[in-house]
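The values are calculated or read from the model by the stated rules, or taken from the named source; none is laboratory data. Because the structure is a prediction, the values reported are computed rather than measured. Virtual Cβ from ideal backbone geometry, glycine too; neighbours counted across all protein chains shown. SASA here: full protein model, heavy atoms, side chains in, ligands and nucleic acids out. Shrake-Rupley method; radii C 1.70, N 1.55, O 1.52, S 1.80 Å.
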Amino acid sequence: MRLAELSEHSGVSTATIKYYLREGLLQPGRRTSATQAEYDERHLRRLRLVRALIQIGKLPVAAAREVIAATEDESLDHHMRLGAATWALPQGPAAMEEDAAHQAASEAVAALLDRLGWDAEVALAEFAPAYRTLLASVAALNRLGYPCDVEHLLPYGRLAAELAVSDLDMVQKQPTPEGQIEAAVALTVLYEPVLLSLRRLAHAEESARRFAAKRA
């Protein structure tokens, strides 16, 4: 398809597509002349990924480029490419004070991983920002006096394990390794707001059940 057709099918303006091409977010099309190129379904799929990263995930262009580069790094095995792509996404707070709350958080998270049977070496790796975010969040809960020991964290971990199975089932349905990597990124960006929204709706429902004034 020509650039105009790619724009029509993707819903992305031609000017934006040209910008993505200049920034390395979209692979060049097959040249048919000095001023024309042909694009295919790979370009359409990549455009959807880029839109998810920038418009839904709110990534800066430089961060989106880093994610794209990770998906294309064939020096990594498939597991590492999936991880590298999702780890490049924005993370939560990671700054931590080395205090009693931080020490308690380290112990609680280590015990949680053990109870869940998760590979601590994967979580503790320097390139696992989700671990640092979890540690910072649990430490903040400790400082504010909210319960966050292993027994309180365990239900969240078990639910996360179930969600991971569902997520990876969706990823694995993609027919190519590249499509699986792109799906892992897109689903992470798009499903995290779904998860947060459902949690808040569930809170509202449970709060109404417990605390709302009963109607006569």
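Quickly estimate the mean residue ellipticity at 222 nm for the chain, helices only: each DSSP H run with n ≥ 4 gives -39500 (n - 2.57), and the total goes over all residues, rounded to 500. Don't skip to the answer; put the middle values down first.
Numbers: 10 runs with 145 residues, N = 216.
Counting only the DSSP helices, I get -22000 deg cm²/dmol.
State in Å² the accessible area per residue of the chain; use a 1.4 Å probe, count heavy atoms of protein chains only, and round to the nearest integer. Before the final figure, lay out the partial values.
On the way: 13740 Å² over 216 residues.
Roughly 64 Å² per residue, with all protein chains present.
Can you list the DSSP H helices in the chain whose Cα atoms extend at least 27 Å along the helix axis and whose mean Kyte-Doolittle hydropathy is -1.0 or higher? Could the numbers behind the result be given before it?
Values: long enough: 150-172 (32 Å, 0.42); 177-211 (49 Å, 0.12).
In the chain, the long hydrophobic H runs are 150-172, 177-211.
Dipole magnitude of the stretch 2-159 about its Cα centre, charges +1 at Lys/Arg Cβ and -1 at Asp/Glu Cβ only, in debye to the nearest 20? Don't jump to the answer; show the numbers that get you there.
Working: 17 positive and 21 negative charges, 210 e Å.
The calculated dipole for the stretch 2-159 is roughly 1000 debye.
Name the residues whose placed amide hydrogens come within less than 5 Å of the amide hydrogen of Ala37, ignoring near sequence neighbours (fewer than 5 apart) on the same chain.
Leu3, Thr32
Springs between alpha-carbon pairs under 10 angstrom, Gaussian network model over the chain: which of Asp167, Asp114, Asp73 fluctuates most?
Among Asp167, Asp114, Asp73, the largest mean-square fluctuation in the Gaussian network model of the chain belongs to Asp114.
Report the net charge of residues surrounding Thr14, where surrounding means a beta-carbon distance below 11 angstrom and charges are Lys +1, Arg +1, Asp -1, Glu -1. It would help to have the intermediate numbers written out before the result.
Details: positive: Arg2, Lys18; negative: Glu5, Glu8.
So the surrounding residues net to 0.
Over the chain, with every protein chain in place, what whole percent of the accessible area is carbon and sulfur at 1.4 Å, could you tell me? Before the final figure, lay out each step's value.
Details: 7790 of 13740 Å².
Answer for the chain is 57 percent, counting heavy atoms of protein chains only.
Roughly how many whole Å is it from the C-alpha centroid of the stretch 27-62 to that of the stretch 161-200?
With the stretch 27-62 and the stretch 161-200 each reduced to a Cα centre, they are spaced 21 Å.
Show me the trypsin sites (Lys or Arg not before Pro) within the stretch 9-76 that DSSP assigns to loop and that have at most 13 other Cβ atoms within 10 Å of their Cβ.
Details: sites: Lys18, Arg22, Arg30, Arg31, Arg42, Arg45, Arg46, Arg48, Arg51, Lys58, Arg65; in loops: Lys58.
When the trypsin sites (Lys or Arg not before Pro) of the stretch 9-76 are filtered for loop state and at most 13 Cβ neighbours within 10 Å, Lys58 remain.
Tell me which label goes with the value of Kirkwood radius over Cα pairs in Å computed from the coordinates here: [x] 18.1; [y] 17.3; [z] 20.0.
Checking each listed value against the structure points to [z].
Over all directions, the average projected area of the alpha-carbon convex hull for the stretch 1-56 comes to how many nm²?
Working: hull surface 13.9 nm².
Projected area, direction-averaged: 3.5 nm².
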